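Working notes, beginning with the structure itself.
The numbers here are math on the coordinates, done by the rules we state, and not lab data. The model shown is predicted, which means the values in this text are computed figures rather than measured ones. Don't worry about glycine lacking a Cβ; one is built from the backbone with ideal geometry, like all the others, and counts go over all protein chains shown.
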Amino acid sequence: MSISSSAVLIELNVSTWGASKLDRDVADGVNRNNNASNDASKVYKNLAAGTSVVNDISKYAARIRLYHNEMTLPWSNKGARILPVASVLEYKQNMNNFRTQYDAMCNKLYAEYANLVANAQQNLGALYKASDYPDVEDIKSKYALRLVFSPLPEAGDFRLDTANEDMAELRQEMAASYEADFQDRLAKAVREPWDRLHAELTALSTKLHDVDGDESKKRYHDSLLTNPQQLCSLLTKLNITGDPQLEAARRELERALVGVEIDDIKEYGHVRSDVKSKVDAIIGKFNW
C-alpha cells in the first residue's frame, strides 16, 4: 500500500481575538518615570478585563490545536499535517464536537460583547479607550475554525507540462528537488511516532525510579499509566508505513502495562521496579 493510500493531509486553522492592545502612552510614562529608555518596556492592556469569556475561547482553541497535533504527523513546516486514514472518522467526529462547543462559546461572547464594552471603563479605569473596541461584527470576523482535507501526494509525483527542450534540464532539477523534499518530509513524519514512544518510555522509567534510602513518597497519578496506554492505541494508526519495529516496540510497552494498577504502583516498590525493568528493556532493545 502506498503512503498516499494510508493517509491524507489535513490543515487546521483556529483563529481568535487577542483582546490585547499596546498602550504606548502608558509605556512612555513608565519608562520616563523610571529613567529608562523609550524601548525599555511595553504595556499591553487586557481589553476583556473583568470577564473570562475571551480567555476561555482561547484556551479551548489551544485544546483543539493540541488534539489536532496529537492525532497527526508533521508534513509542512506550517499548515498541513498527515492524518492516517484509520483515524479520519474519529478525527472528524471529534472535530465536529469541538466545533459545536467552539461556536457556542463564540456566540456567548457575541451576546455579551456589548456588556463587556460597557463595563470596560470601570475595569480598565484610566487605561480605557473606546477606540480600542471594534464593532461586534469585526469581532465575529476574528473567530473561525477551518478544516481543509487534501490528498497526500505520491513520491515522484511532479508535473511540468511543457514541450520546450530548453526546459528539460530545469524540469529534471525541479523534480529532483521535489523528490528530496518529499522524502525529507516523509522521514520526519515516520520519525515522530518513534520520538513520541521514546519520550513516553523515558518519562515512565524516570518516574518509576526509586532512590535507595529515600523514604519520601512520590506522587503517582493515573496519567502515569493512561498516557502510555493511550499512546499505544494511537500508534496503531500513526504507523502509516507499517513499520514492524515500531509495532513491536508498541506491543512490548502494551504488554508491560497489562494488569498493572496505579494503586499498586503507589504502594509497592517491587511493582515499580518490575515495570521499570520492562520499560528499560524496551528502551535498550530498539534503535531510537
In the neighborhood of residue 143, defined by Cβ-to-Cβ distances under 12 Å, what is the net charge if each Lys or Arg adds +1 and each Asp or Glu adds -1?
-> +2
Report, in whole Å, the centroid distance computed from the Cα atoms of segment 42-75 and segment 215-276.
-> 30
Length-normalised contact order of segment 3-151, Cα under 8 Å, at least 6 apart, in percent, tallies to 43
Enumerate the residues in segment 12-35 having an amide nitrogen under 17 Å from the point lying 7 Å beyond the Cα of residue 99 toward its Cβ.
-> 12-16
Would you tally the net charge around residue 71, using a Cβ to Cβ cut-off of less than 14 Å, leaving residue 71 out, and scoring K and R as +1, D and E as -1?
-> +2
What nm distance separates the two modelled labels at residue 107 and residue 266, each placed 7 Å from Cα along Cα→Cβ?
-> 4.2
Is any helix in the chain, taking whole DSSP H runs, at least 20 angstrom long along its axis by alpha carbon and on average at least -1.0 on the Kyte-Doolittle scale, and which ones?
-> 53-71, 88-124, 168-207, 223-238, 269-285
Would you calculate the separation in nanometres between label points at residue 40 and residue 20, each defined as 7 Å from the Cα along the Cα-to-beta-carbon direction?
-> 2.3
Relative contact order of the chain, defined on C-alpha pairs under 8 angstrom at six or more residues apart (%) | 24
Could you work out the helix-only [θ] at 222 nm for the chain, with each DSSP H run of four or more residues adding -39,500 (n - 2.57) and the total divided by the number of residues, to the nearest 500 deg cm²/dmol?
-> -19500 deg cm²/dmol
Residues other than residue 101 with Cβ under 13 Å of its Cβ, Lys/Arg counted +1 and Asp/Glu -1, net out at +2
